[in-house]
């Protein structure tokens, strides 16, 4: 994976960037769901619509599990002796992958609702969005997920050196 993240970014800036990315992805899903709920529904009848009711929940569960497992796997690949910035960049990548694996089925379910008008699709998407919002990266979650030591926590807070 090619990472074009500026290396001169502070740890606090990396965390802030991750929060902005999370907020933008969540807002996109919520706004898209709101728009599809507001527009008039003319359910499309077709051979594929009956299968959507089976595909949508399976896709949601599969991506939910895959995202969690992949996130943990990527976190376990972060070496303990690397710098805080390198850890945060790896954490940012792992989080974005996890969020993308939740966003995909959410958007799929919103489109399923748009095509069929069945509220079950919106309910599945709502559950995914709720979990998506729950995963909002915070300093505490980052510290816990990366098992940061005291000096790294101080650096994350903006203190350069701890004596």
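Some values worked out for this structure:
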quantity: Among 137, 57, 40: highest mean-square fluctuation, GNM of the chain, C-alpha pairs under 10 Å; calculated: 40
quantity: Helical mean residue ellipticity (222 nm; -39500 (n - 2.57) per DSSP H run of 4+; nearest 500) of the chain; calculated: -25500 deg cm²/dmol
quantity: Computed E for residue 118/residue 68 - FRET, C-beta separation, R0 35 angstrom, nearest 0.05; calculated: 0.80
quantity: R0 of 30 Å, Cβ-Cβ distance residue 55-residue 23: FRET efficiency to nearest 0.05; calculated: 0.55
quantity: Two-site label geometry, residue 130 and residue 154: point separation in nm, points 7 Å out along Cα→Cβ; calculated: 4.2 nm
quantity: On Cα atoms only, tilt of 49-76 relative to the major axis of the chain in degrees; calculated: 10 degrees
quantity: For the chain: relative contact order, % (alpha-carbon pairs under 8 angstrom, 6 or more apart); calculated: 34 percent
quantity: Theoretical FRET efficiency, 1/(1+(r/R0)^6), r = Cβ-Cβ of residue 35 and residue 144, R0 41 Å, to 0.05; calculated: 0.70
quantity: Listed candidates [x] 1.25; [y] 1.19; [z] 0.98 - label of the one calculated as Cα Rg over 2.2 N^0.38 Å; calculated: [x]
quantity: Sequence ranges 73-79, 50-56, 106-112, ranked by mean other-Cβ count within 10 angstrom, highest first; calculated: 106-112, 50-56, 73-79
quantity: Label-point separation in nm, residue 93 to residue 79, each point 7 Å along Cα→Cβ; calculated: 1.4 nm
quantity: Packing-based exposure ordering (other Cβ within 10 Å, fewest first) of 151, 103; calculated: 151, 103
quantity: Helix axis angle, 84-116 relative to the chain longest principal axis, alpha carbon, degrees; calculated: 10 degrees
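Only the coordinates and a few stated rules stand behind these numbers; no lab work does. Because the structure is a prediction, the values reported are computed rather than measured. FYI the Cβ positions are ideal-geometry reconstructions off the backbone, even for glycines, and counts take in every protein chain you see.
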